[in-house]
1. Taking region C:240-265 as the region of interest, how many residues are among the charged types (D, E, K, R) and not in a loop (DSSP other than H, G, I, E, B)?
2. Would you check if there is a residue in region D:130-137 being of a type in the set (A, V, I, L, M) and either without any contact (Cβ under 8 Å) to a residue 40 or more places away in the chain or within 20 Å of D:Ala177 (Cβ to Cβ) (or both)?
3. Can you name the residue in region A:153-180 that is among the basic types (Lys, Arg) and open to solvent by 50 Å² or more (accessible area, probe 1.4 Å) and is also nearest to A:Glu265 (Cα to Cα) among such residues?
4. Scanning region D:202-212 for residues that are more than 7 Å from every other protein chain (Cβ to nearest Cβ) and over 14 Å from C:Met184 (Cα atoms), which turns out most open to solvent (accessible area, probe 1.4 Å)?
5. Within region C:213-232, can you find the residues that are assigned to a helix (DSSP H, G or I) and either at the interface with another protein chain (Cβ under 8 Å from one of its Cβ atoms) or hydrophobic (A, V, I, L, M, F, W, C) (or both)?
6. Please go through (1) polar (S, T, N, Q); (2) open to solvent by less than 10 Å² (accessible area, probe 1.4 Å); (3) within 21 Å of the chain's Cα centre (by Cα) for A:Asn41 and return the number of the only condition it doesn't satisfy.
7. Looking at D:Cys117, is it at pLDDT 95 or above, buried (at least 21 other Cβ atoms within 10 Å of the Cβ), farther than 24 Å from D:Ala259 by Cβ and touching a strand residue (DSSP E or B) at 6+ places or on another chain (Cβ under 6 Å)?
8. Hey, could you check region C:170-183 for residues that are outside any helix (DSSP H, G or I) and in contact with a Cys (Cβ under 8 Å, 6 or more places away or on another chain) and say which is farthest from the other protein chains (Cβ to nearest Cβ)?
Number of protein chains: 4
Amino acid sequence: MVLLTQSRQALIGFIGLGNMGAHMARNLIKKGHELVVFDVNTQSLNELAKFGAKVAESPADLASKTQNIITMLPSHPHVNEVFLAKNGILAAVQKSTRCIDCSTIDIEACKRIAKLCSEKSIYFNDAPVSGGVTGAENATLTFMVGAQKEDFEVIKPFLECMGKNVVHAGDVGHGLAAKICNNMLLGISMIGVAETMNLGLSLGLDKHVLAGILNTSSGRCWSSEVYNPVPGVVEGVPPSKNYEGGFQSGLMAKDLSLAQNASVETQSATPMGSMAYNFYKQMSNQGFFKKDFGYAYEFLRTKKD
Amino acid sequence: MVLLTQSRQALIGFIGLGNMGAHMARNLIKKGHELVVFDVNTQSLNELAKFGAKVAESPADLASKTQNIITMLPSHPHVNEVFLAKNGILAAVQKSTRCIDCSTIDIEACKRIAKLCSEKSIYFNDAPVSGGVTGAENATLTFMVGAQKEDFEVIKPFLECMGKNVVHAGDVGHGLAAKICNNMLLGISMIGVAETMNLGLSLGLDKHVLAGILNTSSGRCWSSEVYNPVPGVVEGVPPSKNYEGGFQSGLMAKDLSLAQNASVETQSATPMGSMAYNFYKQMSNQGFFKKDFGYAYEFLRTKKD
Amino acid sequence: MVLLTQSRQALIGFIGLGNMGAHMARNLIKKGHELVVFDVNTQSLNELAKFGAKVAESPADLASKTQNIITMLPSHPHVNEVFLAKNGILAAVQKSTRCIDCSTIDIEACKRIAKLCSEKSIYFNDAPVSGGVTGAENATLTFMVGAQKEDFEVIKPFLECMGKNVVHAGDVGHGLAAKICNNMLLGISMIGVAETMNLGLSLGLDKHVLAGILNTSSGRCWSSEVYNPVPGVVEGVPPSKNYEGGFQSGLMAKDLSLAQNASVETQSATPMGSMAYNFYKQMSNQGFFKKDFGYAYEFLRTKKD
Amino acid sequence: MVLLTQSRQALIGFIGLGNMGAHMARNLIKKGHELVVFDVNTQSLNELAKFGAKVAESPADLASKTQNIITMLPSHPHVNEVFLAKNGILAAVQKSTRCIDCSTIDIEACKRIAKLCSEKSIYFNDAPVSGGVTGAENATLTFMVGAQKEDFEVIKPFLECMGKNVVHAGDVGHGLAAKICNNMLLGISMIGVAETMNLGLSLGLDKHVLAGILNTSSGRCWSSEVYNPVPGVVEGVPPSKNYEGGFQSGLMAKDLSLAQNASVETQSATPMGSMAYNFYKQMSNQGFFKKDFGYAYEFLRTKKD
């Protein structure tokens, strides 16, 4: 069997062929790797099979066939299931197998699985992504990797088949920590920009003038410059397309809930992060789960009574 | 009498020779203008006199001597006093005088004075600054100007004697609106970065690694890149110098209070801006008024019990 | 002319015959007082005329006819207009007139008018109410009065014609201060109860059991006991009647905005009060201005995605 | 062996003899029960032994000696340890043993242990308390019990030896849910009262007058009436005794962190609860962990600059 450490042309197991995972798996195949895949969705499996992947019958079956496994799953119950269930990876995993989990999950849940893997002498690293479906499709994702330095070097080339930035965040769990921190700050900034633009427009400022001033001043941030939530300020982004596509508000709420967990776990104060969590959760509860997260602007926009 | 409209070599009245104003007045003299100045602080007056300025006995006296008046005062009661008191500008102002108020004050207070000026056929424009004492000293301030287009063109060259960016924000009051909006977003971002860095460090991330990831990702903002509140992340900024110098937390609270007023006035929701106001107000109440506003990090930093 | 100080049977001017004011004016007539009334709404005026009131042509006209004036207006621009306009009270007011303003307005606006009155040697006291339209109709309002002790004693019997509790809060402006403080705490408590009930129900608790536990424990408050926002917990209150009637969310937002003004004016931190303001403002912006303020529960209720 | 179901004179195992637990154990002895106790602190054990309790060598040893076990521990890692460690309860527990956990812990952690107990055919119920050390000493605690109706009836008489109110909150986990909800609302109310009193006093109101008005109006709550955080308003409570004794701010932060966990777990929005968590966490971080939670008033009190 060819290990990640030995060759660029490896047999890779891939579990989780959703919106993101299917593109990531295809990109690995395009770069010349052999794939064995698994998903609970048969249709997704068949599509990858047509694209050249072998199909496993379960995570355990997959684990018996390869020592290189990538997982890309929606949340930590799925990851638990895939690793720990009766037909899960750990039921049939071979020694020295390398597991890379690209899911965005709770840090404590990640560490628990990492510990179980370690007890079986298998490698486990977290490598959550940013860049969305577009990044997955175009292999331009950013990976934030939690791994020992030497492990990072081993897995980096494989992640580079699926993304353009592979960042070493620290040890196991730190990839998730970095992603969760970034997205917490993103959630805060987006609401901050939304309410600032709304206030400015209510005060009579022109949206382009205000955005221009912010973007050349100390208020400048990614959410004001690249992804301004006011329709028409930045062309082509979801806020200018009726908040369709992009990063769903409900998924932002999920990432912010992971930050809340981390905040409680570490006994940290995150006043703005908490407010952002509650804001997006209320938006979702009001029926805007699927709207791009720039919808924060519309959610708090001043209407005349 | 030489008007701003007629010559670059004008006689300019300047009221308010504090930390900022004294530097600004000197820069006008350095660029060749004649100055007549007023301040309640005699020492400040004397120092400008040594630098070549004439001294007025009151705002009214000053207004009787020039039709070009710049004011740079701490808050709107001072501005009211300077314009409306018995010896105030309006008591002796000449028709067609041009008043430029560089103070950061309440928008409604600004509009009230502008209206009184207009009734006397004199010009009034708001031109609040950003850039701090250093910017005032080095003539690198940014001016955000609220003025009719033709008035903006008239006063721009004079402001350029004191700053390097002179931005036209819109009509009267819009200079203040732009500054207040920018600083509200800045206050939000700074707290957001502070709590994000604190959470990340509590999770075991390295401060340089985390800052690096944020600054190349969607969490990026001025407060994370240029002025990171964690000591040692950015060299030379106040957070790396025991939070001395820089933008005082108490003054940030003041600017955020202006945003609160504007929010209520326009019936806007500014959840994060309100939280930022209360955060900096509590910091000030706890004794940290004079600390740089990056002290937000220290104020919420996790300590082990 | 019969003054308030001389008789229980007085001639009273009443300005502002809206939902609250019309009932209050009628109650004064029922208790035997003579009324002269003014409102911009002719229909309201006619109805009071049918009930026995004389009609004034303007606030000035009214002020020329009586030295006892009660005002009950929606917000401080209306109060300014009624007192300061060309045909306003101050244009024709007689010395020693007693003005009692029952409106809920900005404290600073109240103090400005009080000062102008004082300069004309007329009395001005604030006496905002709580108890709503029902309280106005049934003469069971609570009045919170800002007045010198001796003035309080003079006006108390007249207010008792319209309400059952007349509380002396302190000097001029303190009636408003008390009301604004109470309503800020009420707004906070209501949201607090709403989210607590929602959390408990999401955790599987029965709504009656949870309300019962809170109401016998340290979480107990008026909003949990008397006016629980979960439909069906307290019978007969607006939350149990589809949030119709009661205290409109938009008016709660208005009262909270007055607290925001007071907070900035006194440089106080009101983190929860600010959040409550923004919460009700967002609710209003989302279209729920007229819903009872207990709708906070519905606004943040957890829905399954 | 005498079971709880058979007699009022039972042999009861008690684990956790801290500030609360030691008093609770003594009260059981006073009411005629025999006790076997365990704690990691030898001194605490010795003191209970002097009072007549037998001493066990470990939770497992204790579990081998009685089928009635009460635990009172600081947080869920302790509970996990006591139940699941090598020498833990589950290592030696007898069938049909009844475990009552009076600790205030994470609901999910409670449910996990309850499930493990159920798999071993032993009873597990949560019965967290309120009332503090004084309540524990005087046997006036309130117990909020999560149990099947028939189990509640069985354990109620025993809890009544230690408290005066024993409330049935619902099934397993619901005792904790009720306590966490109550304390979240309490934390919110206390901050709300603190900032309301501070605002009112800043506006010039007398503290007794303001408290009196709130307590007869819709702002009324336990924190304003019984435990007002302004020194001198209510005699005898910790806020009137330099915030010594009472409910520590750091422990309030802990309870609020459990509410945060519950909020994320159930995908609920708790904007005020989150703010309260962050507020008390910041207070703790600033060095006020041990101050009574009414110190919220002092923490945000307006000081003159």
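1. Quick first cut of region C:240-265, residues among the charged types (D, E, K, R) only: C:241, C:244, C:254-255, C:265.
In the following step, the residues that additionally are not in a loop (DSSP other than H, G, I, E, B) were identified as C:254-255, C:265.
The qualifying residues number 3.
2. no
3. Applying the filter and picking the extreme gives A:Lys156.
4. Filtering first and then ranking leaves D:His208.
5. Within region C:213-232, C:Ile213, C:Leu214, C:Trp222, C:Ser223, C:Ser224 qualify.
6. Of everything listed in (1) polar (S, T, N, Q); (2) open to solvent by less than 10 Å² (accessible area, probe 1.4 Å); (3) within 21 Å of the chain's Cα centre (by Cα), A:Asn41 misses just condition (2).
7. On the way: at pLDDT 95 or above: yes; buried (at least 21 other Cβ atoms within 10 Å of the Cβ): yes; farther than 24 Å from D:Ala259 by Cβ: yes; touching a strand residue (DSSP E or B) at 6+ places or on another chain (Cβ under 6 Å): yes.
Against the criterion (at pLDDT 95 or above, buried (at least 21 other Cβ atoms within 10 Å of the Cβ), farther than 24 Å from D:Ala259 by Cβ and touching a strand residue (DSSP E or B) at 6+ places or on another chain (Cβ under 6 Å)), D:Cys117 qualifies.
8. C:Val172
The values are calculated or read from the model by the stated rules, or taken from the named source; none is laboratory data. Just so it is clear, the structure is predicted and the values come from calculations on it, not from any experiment. Please note: Cβ atoms are built from the backbone with ideal geometry, for glycine as well, and neighbour counts cover all protein chains shown. What goes into the accessible areas is simple: the full protein's heavy atoms, side chains included, and nothing from ligands, DNA or RNA. Shrake-Rupley method; radii C 1.70, N 1.55, O 1.52, S 1.80 Å.
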